[in-house]
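Participant: The following block contains the structure, expressed as structure tokens.
Since every read-out is calculated from the coordinates, none of them should be taken as a lab result. Just so you know, these numbers come straight off a predicted model, no measurement behind them. Note: ideal-geometry Cβ built from the backbone for every residue, glycine included; neighbour counts use all protein chains shown.
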Protein chains: 2
Amino acid sequence: MAEAYYQRLTDRLRDALLLEHSSWVDADGKLPAERILAQRFKTTRVTLRQALAQLEGEGRIHRSNRRGWFVSPLRLEYDPTRDAGFNDYVTAQGRLPRTEVLSLATSPHAPAANALGLSVNHPFYHIRRRRYVDERAVLVESLWVVPERAPGLLEERFEFSLWKLLREQWHLSLSHRSISMVSEALQGTDASELGVASGTAGLNICRTIFDDAHLPVEYDEEHWLHDALSIRVELKGTH
Amino acid sequence: MAEAYYQRLTDRLRDALLLEHSSWVDADGKLPAERILAQRFKTTRVTLRQALAQLEGEGRIHRSNRRGWFVSPLRLEYDPTRDAGFNDYVTAQGRLPRTEVLSLATSPHAPAANALGLSVNHPFYHIRRRRYVDERAVLVESLWVVPERAPGLLEERFEFSLWKLLREQWHLSLSHRSISMVSEALQGTDASELGVASGTAGLNICRTIFDDAHLPVEYDEEHWLHDALSIRVELKGTH
DNA sequence: TACCCTTCCTGGTATAGACCAGAATTTTCA
DNA sequence: TGAAAATTCTGGTCTATACCAGGAAGGGTA
């Protein structure tokens with residue numbers, strides 16, 4: 001086949017976007033309404049939406065609730081193996097970080113218990129946060145900290161680095177960790193807290209952390225918008 | 001709103017899939033035709049396809065060209081920081097690996113040259129391979145090796161581990177590496193070599209490798225089907 | 001037996017139109 | 001002036017239908 005119309009449409013839209021947000025993208029990076037675009041490119045909304053979905057998959061544009069389509073900002077570079085705080089590396093890349101604490105609680109959590117090798121009834125400090133880059137919500141995360149490692153932790157503030165807290169206030173070493181990353185479709189609470197439709201592409205990052213003495217410290221799950229980050233890991237030495 | 005019909009459809013389909021491929025999924029893991037499913041769930045193909053796309057995003061099912069929808073196998077666990085060969089870790093997980101060499105050439109390549117700090121005209125040994133797990137093509141990769149590090153490399157066979165070759169035949173150490181991972185939409189050659197539609201969700205992994213003496217050795221790009229793998233990294237020691 | 005061709009099945013693309021629900025804006029009125 | 005209400009705009013969902021193109025399978029032919 002020559003090539004599907006929506007494919008050529010995708011290419012044309014992509015080119016237009018690369019033209020430094022030129023012509024028909026407004027100052028906020030907002031694209032014209034679907035109906036307008038469909039008309040302009042002489043096709044239906046359905047077909048146009050195929051092209052938009054394609055570009056969304058490429059991480060070039062994203063939708064915000066029912067407000068419209070927007071050009072996606074540069075991906076954030078992120079090294080999940082380092083324990084630099086979110087605020088630090090976002091700032092280091094010239095972006096504006098912000099963290100919101102969504103909830104604090106003490107309760108058991110089976111996946112965390114499993115990952116850390118504790119009994120399923122073991123209570124955890126549960127911290128749930130939402131994090132922004134340049135005022136765009138890019139991830140929600142849940143952290144489950146073993147209370148024995150950091151008694152009284154919930155009295156602290158969590159707008160900043162948890163690990164820094166654990167290191168400086170409780171002198172923990174966080175030496176052993178296992179990290180897993182899986183692509184996912186954001187759903188339920190995660191999707192709605194990020195203000196995206198259920199099914200939006202995301203990346204799930206889980207960490208399990210032990211200290212020097214191999215005592216379990218923390219388990220966490222991050223749910224990122226897929227287009228918001230680029231993972232980068234630097235390694236030295238053969239294994 | 002109560003909940004979109006296609007959302008409930010997604011849930012019902014997901015449940016049915018989790019029932020150990022029960023009832024209407026055949027032995028090969030093939031789902032019934034879209035038209036059949038649409039009829040069975042009393043909706044249109046368009047709406048049904050929304051639900052299928054949702055499950056595809058979750059990595060539960062995938063489409064094979066125009067043959068139909070299939071249940072996706074378990075994700076392969078993969079640690080990009082280790083240099084265990086593909087064949088080794090696929091086998092270790094009880095799966096069947098296979099590698100096809102698609103092309104061998106000697107030519108310059110700007111991105112590789114950039115990553116390795118060489119001039120853009122610098123020639124590379126270029127190896128392109130397609131790799132299978134249980135006879136499903138899950139990734140295509142291109143490797144650009146610096147000829148000075150492994151003279152005569154192209155005479156070898158590449159159905160197995162390149163790194164093993166470099167270590168054993170050329171005594172290279174591959175100590176310093178930078179790895180980046182980005183979600184992408186598979187396109188062009190990558191998509192067609194994997195037998196999927198342009199725009200299918202994928203994961204792009206790039207490595208830049210230097211040896212003990214900080215001499216550039218190799219640059220490679222892998223394009224994975226997003227539902228085929230789960231990244232897992234194990235780390236020891238604080239940074 | 002080996003190959004080619006036809007036919008059928010399946011997903012892929014596209015049209016045209018309708019109504020819904022949340023977000024943003026404007027208007028109204030206390 | 002300020003808050004509430006109505007309106008408009010935008011994407012989200014859905015129906016019904018049509019035709020296309022690649023894959024698979026069956027059957028016929030050399």
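Participant: With an 8 Å Cα cut-off and a minimum separation of 6 or more residues, compute the relative contact order for chain A in percent.
Facilitator: Details: 411 pairs, mean separation 42.8, N = 239.
In percent, rounded to a whole number, it is 18.
Participant: With a 10 Å cut-off between alpha carbons and a GNM built on chain A, which of A:Asp83, A:Asp28, A:Asp220 moves the most?
Facilitator: A:Asp28
Participant: In the stretch B:18-91, which trypsin sites (Lys or Arg not before Pro) are in a loop and have at most 12 other Cβ atoms within 10 Å, using DSSP for the loop call? Before the final figure, lay out each step's value.
Facilitator: Working: sites: B:Lys30, B:Arg35, B:Arg40, B:Lys42, B:Arg45, B:Arg49, B:Arg60, B:Arg63, B:Arg66, B:Arg67, B:Arg75, B:Arg82; in loops: B:Lys42, B:Arg60, B:Arg66, B:Arg67, B:Arg75, B:Arg82.
Qualifying residues, ordered by number: B:Lys42, B:Arg66, B:Arg67.
Participant: Hey, another quick one. Using only Cα atoms, what is the ratio of the radius of gyration of the stretch B:64-206 to 2.2 N^0.38 Å? It would help to have the intermediate numbers written out before the result.
Facilitator: Values: Rg = 16.1 Å, N = 143, 2.2 N^0.38 = 14.5 Å.
Normalised Rg, Cα atoms only: 1.11.
Participant: Here's another thing I want to ask about it. So what is the relative contact order of the stretch B:92-158, in percent, for Cα pairs below 8 Å that sit 6 or more residues apart?
Facilitator: Reported as a whole number, the value is 32 percent.
Participant: Follow-up question, since we're still on this one. Separation of the stretch A:53-104 and the stretch B:137-179 by C-alpha centroid, Å?
Facilitator: Between the Cα centres of the stretch A:53-104 and the stretch B:137-179 lies a distance of 35 Å.
Participant: With a/c under 1.5 counting as rounded, go ahead and sort the stretch B:100-171 into rounded, prolate or oblate using the C-alpha gyration tensor (a ≥ b ≥ c being the square roots of the eigenvalues; past the cut-off, prolate if a/b is larger than b/c, else oblate).
Facilitator: Because a/c hits 1.5 or more and a/b fails to exceed b/c, the stretch B:100-171 counts as oblate.
Participant: Can you give the convex hull volume per residue for the Cα atoms of the protein assembly as shown, as a whole number of Å³?
Facilitator: Numbers: hull volume 85.7 nm³, N = 478.
Looking at the protein assembly as shown, the number lands at 179 Å³ per residue.
Participant: Using each residue's phi in the stretch A:76-92, evaluate 6.51 cos²θ - 1.76 cosθ + 1.60 at θ = phi - 60° and report the 3J(HN,Hα) Karplus result to the nearest Hz, with x for Gly and Pro.
Facilitator: Karplus-based 3J(HN,Hα) across the stretch A:76-92 equals 7, 7, 9, 10, x, 8, 8, 10, 5, x, 3, 4, 5, 6, 5, 4, 4 Hz.
Participant: If you don't mind, another one. Residue-wise, which Karplus ³J(HN,Hα) couplings in Hz belong to the stretch A:208-217, taking 6.51 cos²θ - 1.76 cosθ + 1.60, θ = phi - 60°, and x for glycine or proline?
Facilitator: 10, 10, 10, 8, 3, 7, 6, 8, x, 10
Participant: While we're looking at this one, here's another question. Using modelled amide H (1.01 Å from N, peptide plane; none on Pro or chain starts), what sits under 5 Å from the amide H of B:Glu77, excluding residues fewer than 5 places away?
Facilitator: So B:Glu77 has HN proximity to B:Ser230.
Participant: Now for a separate question. Using a cut-off of 10 Å between beta-carbons, work out the net charge of the residues near A:Val145 (Lys and Arg +1, Asp and Glu -1, A:Val145 not included).
Facilitator: Local net charge: -2.
Participant: Decide, for the stretch B:5-71, between rounded, prolate and oblate: order the square roots of the alpha carbon gyration tensor eigenvalues as a ≥ b ≥ c, take rounded if a/c falls under 1.5, and otherwise choose prolate if a/b is larger than b/c, else oblate.
Facilitator: Note, shape of the stretch B:5-71 comes out rounded.
Participant: Go from 0 up to the bin containing the longest alpha carbon distance in the stretch B:129-192, width 10 Å each, and give me the % of pairs per bin.
Facilitator: So the P(r) values, bin by bin, are 15, 42, 33, 10.
Participant: Further question: Just the Cα atoms of the stretch B:12-111, one point each, no solvent: what log10 I(q)/I(0) does Debye give at q = 0.19 Å⁻¹?
Facilitator: One equal scatterer on each Cα of the stretch B:12-111 leads to -0.99.
Participant: Using per-residue counts of other Cβ atoms within 10 Å, averaged over each peptide, order A:137-143, A:161-167 from highest down.
Facilitator: Ranked by mean Cβ neighbours within 10 Å, highest first: A:137-143, A:161-167.
Participant: Ok, one more. Using the Cβ atoms and a cut-off under 12 Å, what net charge is assigned to the surroundings of B:Gly59, where Lys and Arg are +1 and Asp and Glu are -1?
Facilitator: Computed value for this residue: -1.
Participant: May I ask you to evaluate 6.51 cos²θ - 1.76 cosθ + 1.60, the Karplus curve with θ = phi - 60°, for each residue of the stretch B:124-136 and list the ³J(HN,Hα) values in order in whole Hz, giving x for glycine and proline?
Facilitator: 10, 7, 10, 10, 10, 10, 10, 10, 10, 10, 6, 6, 9
Participant: Sticking with this one: Counting partner chain Cβ atoms within 10 Å of every residue's Cβ in A:174-180, what's the average? Could the numbers behind the result be given before it?
Facilitator: Working: counts 3, 5, 5, 6, 4, 7, 7.
Per residue, the number of nearby Cβ atoms from other chains is 5 on average.
Participant: Would you mind counting up the charge near A:Lys164? Only other residues with Cβ under 11 Å from its Cβ, with Lys and Arg at +1 and Asp and Glu at -1.
Facilitator: Values: positive: A:Arg167; negative: A:Asp83, A:Asp88, A:Glu156, A:Glu168.
After counting each charged neighbour, the total is -3.
Participant: Which value at 222 nm does chain B reach when only helices count, each DSSP H run of 4 or more adding -39,500 (n - 2.57), with the total divided by all residues and rounded to the nearest 500 deg cm²/dmol?
Facilitator: -7500 deg cm²/dmol
Participant: Give me a single rounded figure for A:225-236: the average over its residues of other chain Cβ atoms within 10 Å of their Cβ. Write down the numbers at each step before the final one.
Facilitator: Details: counts 1, 7, 2, 1, 3, 5, 10, 6, 11, 8, 12, 4.
The per-residue average across the peptide is 6.
Participant: Quick one: if you stick a label point 7 Å off each Cα along the C-beta vector at A:His171 and A:Arg98, how many nm between them?
Facilitator: With each label placed 7 Å out from Cα toward Cβ, I get 3.8 nm.
Participant: Within 10 Å of each Cβ in B:53-61, how many Cβ atoms from other chains are there, averaged over the peptide?
Facilitator: 4
Participant: Rounded to whole Å and sorted largest first, list the principal axis extents of the Cα atoms in the stretch A:138-239.
Facilitator: Taking the Cα atoms of the stretch A:138-239, the three principal extents are 42, 41, 19 Å.
Participant: Shifting gears a bit: Using the Cα gyration tensor of chain B, with a ≥ b ≥ c the square roots of its eigenvalues, what is the shape: rounded (a/c below 1.5), prolate (a/b larger than b/c) or oblate (neither)?
Facilitator: Working: a/c = 2.39, a/b = 2.28, b/c = 1.05.
It is prolate, given that a/c is not under 1.5 and a/b is the larger ratio.
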